[in-house]
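Step one of this worksheet: look at the structure below.
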Amino acid sequence: MKQNIGFRGWFYFRQGWTTYFAFIFAAINTMVVTYYLAIENIPSLKTIFPTFYVYLAITASIGVPLLILVGYAHQKKTSSYKAEADIYYESNPHALRQYNDIELLLQLNLKLVDLLLLDYEKNNVSNEKLDELIKLKNEIETYFNQRKDNKQIDIALFKKFSHLK
């Protein structure tokens, strides 16, 4: 993999800025501006939020859980994150190649299992070994055919094999 220190530094800078600094600055800016330009000049709001620190505490106690729920909905309950992931795979040549390689490996494994089954049958391998290979082939075929539009199958398979770490 070719490394370009300049672009890598630029990438890390943008990640640090957008993930940490811009977020912190935006939050502080929003709180200060809304309090000192809006709340401080409206007497009815000033009674609810007598000081900036009270405003900060109330807003944070409501805003943080609300933003956690919005983030959860974005990741788990809407199709927006799936669309982002699809775009990532479409536009990232490394991710797309990895995805395609996995697809090809699954197809290759199915063909190899078919050849092994033919060889086992020809050489009179024990029924136990033959049944084991047929079961594996059926699992791979089922997974390969069902996983196209069902992420639950991928999640279940991941959970099944994740204990192998």
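The values are calculated or read from the model by the stated rules, or taken from the named source; none is laboratory data. The structure presented is a predicted model; accordingly, all values stated were derived computationally and were not measured. Note that we place each Cβ from the backbone using ideal geometry, even for glycine, and neighbour counts take in every protein chain shown. Note: areas computed on protein heavy atoms with side chains; ligands, DNA, RNA excluded. Shrake-Rupley method; radii C 1.70, N 1.55, O 1.52, S 1.80 Å.
Counting only protein chain heavy atoms and rolling a 1.4 Å probe, the accessible areas of I28, I58 rank, largest first, as I28, I58.
Accessible area per residue, 1.4 Å probe, Å², for the chain: what's the number?
Details: 13740 Å² over 165 residues.
Accessible area per residue: 83 Å².
Would you calculate a helix-derived [θ] at 222 nm for the chain, using -39,500 (n - 2.57) for each DSSP H run of n ≥ 4 and dividing by the full residue count, to the nearest 500? Don't jump to the answer; show the numbers that get you there.
On the way: 8 runs with 125 residues, N = 165.
Helix-only estimate at 222 nm: -25000 deg cm²/dmol.
Couplings 3J(HN,Hα) for segment 34-39, derived from phi with the Karplus relation 6.51 cos²θ - 1.76 cosθ + 1.60 (θ = phi - 60°), are 5, 6, 7, 9, 10, 5 Hz, where x marks Gly and Pro.
Sequentially through segment 45-52, phi angles give Karplus couplings (6.51, -1.76, 1.60; θ = phi - 60°) of 6, 5, 6, 6, 10, x, 10, 4 Hz, Gly and Pro residues having no value and appearing as x.
Computed from backbone phi, the HN-Hα couplings of segment 17-33 come to 5, 6, 7, 10, 5, 4, 5, 5, 4, 5, 5, 5, 4, 4, 5, 5, 5 Hz, rounded to whole numbers (Karplus: 6.51 cos²θ - 1.76 cosθ + 1.60, θ = phi - 60°; Gly and Pro given as x). The residues Y35, Y143, sorted by heavy-atom accessible surface at 1.4 Å with ligands and nucleic acids left out, run Y143, Y35 from largest to smallest. When F49, F21 are compared by accessible area at a 1.4 angstrom probe, the order from most to least is F21, F49. The calculated FRET efficiency for E132 paired with N100, based on their beta-carbon distance and R0 = 35 Å, is about 0.75.
Look at the alpha carbon pairs under 8 Å that are at least 6 residues apart: their mean separation over the length of the chain gives a relative contact order of 9 percent. Per atom type, the chain shows carbon and sulfur on 65% of its accessible surface, probed at 1.4 Å. A straight line joining the Cα centroids of segment 91-128 and segment 1-37 runs 45 Å.
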